[in-house]
1. Return yes when residue 411 is at pLDDT below 95, away from the ligand (no atom under 14 Å from the Cβ) and not in a helix (DSSP H, G or I) and no when it is not.
2. Could you please find all residues in region 333-380 being over 27 Å from residue 446 (Cβ atoms) and not in a loop (DSSP other than H, G, I, E, B)?
3. I'd like to know if region 537-554 contains one or more residues that are part of a loop (DSSP other than H, G, I, E, B), in the same structural domain as residue 447 (by TED's automatic domain parsing), in contact with a strand residue (DSSP E or B) (Cβ under 7 Å, 6 or more places away or on another chain) and in contact (Cβ under 8 Å) with a residue 60 or more places away in the chain.
4. Being outside any helix (DSSP H, G or I) and either free of Cβ contacts under 8 Å to residues at least 24 places away in the same chain or touching a helix residue (DSSP H, G or I) at 6+ places or on another chain (Cβ under 6 Å) (or both) is the filter; apply it to region 509-523 and report the residue that is nearest to residue 493 (Cα to Cα).
5. For region 184-228, which residues satisfy the criterion of being closer than 28 Å to residue 359 by Cα, free of Cβ contacts under 8 Å to residues at least 60 places away in the same chain and not in a loop (DSSP other than H, G, I, E, B)?
6. Residues of region 572-587 being in contact (Cβ under 8 Å) with a residue 12 or more places away in the chain, in a loop (DSSP other than H, G, I, E, B) and away from the ligand (no atom under 16 Å from the Cβ), which ones?
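The values are calculated or read from the model by the stated rules, or taken from the named source; none is laboratory data. Given the structure is predicted, the values throughout are model-derived calculations rather than measurements. Cβ coordinates were reconstructed from backbone atoms using ideal geometry, including for glycine residues, and neighbour counts include every protein chain displayed.
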Ligand SMILES: Cc1cc2nc3c(=O)[nH]c(=O)nc-3n(C[C@H](O)[C@H](O)[C@H](O)COP(=O)(O)OP(=O)(O)OC[C@H]3O[C@@H](n4cnc5c(N)ncnc54)[C@H](O)[C@@H]3O)c2cc1C
């Protein structure tokens, strides 16, 4: 055993431990040792980048007080591990451990593909959903991404400011490098098993249900107790030890003890360093180059084309710096811009100061350019993704976050593109090439249908294909000419644009098409539930999904398309029940 001297010994190379090590070194603490019981810390790249001093494979065995050394008046500590003995001025226990009784706070099916705190052995190349909002969830996400898994972190309720700085930065880095997708606002309300694989059902309308190879829950881990690290009463009372953890009220399983401290700050532990408190956002805002730094840190893609259909409706293309953009027609990706970006309107975002350096992200269906430069139906996505996006105006109830910022962007500008393309709204259920396929949408809800129509035609679909879209005016049809061209070449394709505010066109809604059997009259296309798939995308009121109330199916007061189709014998494709009505709600 050697008796090495340190200013600070941190037990635990997890997100919190690494954060404390980095911030202490940056604040002027001279010598910091991180003691990690396993053979790796959670974010290994940080060790070299931040010049951290780590003792691997060292488990703490005791923490005791030591008499002052070198004439100092201050009591020191002796930290013993399985390999070394350290004299130190301060010690932080960041290590946390499994809480064996922890259960997921939602309905979860039993399956060996659904795990708690355990990484699936087959993770490389698999799609894994991590559920949780703590540092531990970030740690699991990072380990899975490093192992080569396609990871989605459902972090509904996550407050990034409550993550440790290393956890928060690492999460952003995983997103920026397109190694993980983070759903900050989504938490499933159920994880079921469908066809042998876990399916997460989300309770918010922004996140469609998603299926994975594995689901991993990040448990609420518990802070170690003084006894777990062999800490003596004298050390506990010395005022020189700190435990990282939540308060007792929030986490009743955390053991309490005299001398217990929540968190740690350099200013208290090392007063001679005179470290002033500061807010990261404040510091950043003082510098003009900050916006460029934030863009460089957060954006991972370039807008290569930005074609306004009119001032408030755009077809844009986005090229990621790296990563795979293969996807199925109908799926969606997420785009993001920083709150620091200027808005086109003069609305004010609530709490802008708190989120100024964060990203606002939204989901967007992937559209399709339809024809290539030679006039042929275009093949897959190539290097860019096409989106069809409308500007959302502010209302008394809502200050839109993303589209008023996107409105000021032009080709060459940088943007954030989420790493994972997802969604179940695809042509998967259309297996019969002679079946009838009907696409009904409002506004930009046409986007996924453009991609799906091209896919069907490219595959030689023989049955009738109809795409109808409800808009306000003729000018709101970004793809009109292209659809008219398709109609000329493919006799089985019909495009049915429906402006509702044009003097020369009778005002009709999508629902009227079903009520009045317009497709049968105009194109001879019958809506026969035995041979028809209907795809509905856009405004939830047009779709009109029913709710289950006390075991009873209740349709919305304003009749939507689903109710009219169900009356005709169609069934909704939903959760575990296969059907021929497919839908994607935009809000
Ligand atoms: C899976 C999925 C795919 C989506 N694909 C597209 C797409 O391809 N194109 C697109 O423009 N939007 C799409 N959206 C909506 C998009 O995610 C944003 O909600 C929208 O761009 C508004 O963002 P915001 O931050 O400006 O406003 P927010 O603050 O998010 O405002 C949301 C409100 O804006 C209105 N709104 C949202 N989307 C639209 C819309 N498309 N048309 C009219 N009003 C709308 C609704 O009233 C909604 O309550 C999609 C949503 C989902 C869940």
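1. Details: at pLDDT below 95: yes; away from the ligand (no atom under 14 Å from the Cβ): yes; not in a helix (DSSP H, G or I): yes.
When the stated conditions are applied, residue 411 passes them.
2. Result: 338, 352, 353, 354, 355.
3. Checked against the condition, which is being part of a loop (DSSP other than H, G, I, E, B), in the same structural domain as residue 447 (by TED's automatic domain parsing), in contact with a strand residue (DSSP E or B) (Cβ under 7 Å, 6 or more places away or on another chain) and in contact (Cβ under 8 Å) with a residue 60 or more places away in the chain, region 537-554 yields at least one hit.
4. Filtering first and then ranking leaves 517.
5. 202
6. Within region 572-587, 575, 576, 578, 580 meet the criteria.
Conditions tested, residue by residue: (1) more than 26 Å from residue 134 (Cβ to Cβ); (2) surrounded by fewer than 23 Cβ atoms within 10 Å (Cβ to Cβ).
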residue: 13; (1), (2): no, no
residue: 22; (1), (2): no, yes
residue: 37; (1), (2): no, yes
residue: 46; (1), (2): no, yes
residue: 57; (1), (2): no, yes
residue: 75; (1), (2): yes, yes
residue: 85; (1), (2): yes, yes
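Here's the yes/no breakdown for (1) surrounded by fewer than 17 Cβ atoms within 10 Å (Cβ to Cβ); (2) within 14 Å of the ligand (Cβ to nearest atom):
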{"position": "348", "(1), (2)": "yes, yes"}
{"position": "357", "(1), (2)": "no, no"}
{"position": "386", "(1), (2)": "no, yes"}
{"position": "397", "(1), (2)": "yes, yes"}
{"position": "417", "(1), (2)": "no, yes"}
{"position": "424", "(1), (2)": "no, yes"}
{"position": "434", "(1), (2)": "yes, no"}
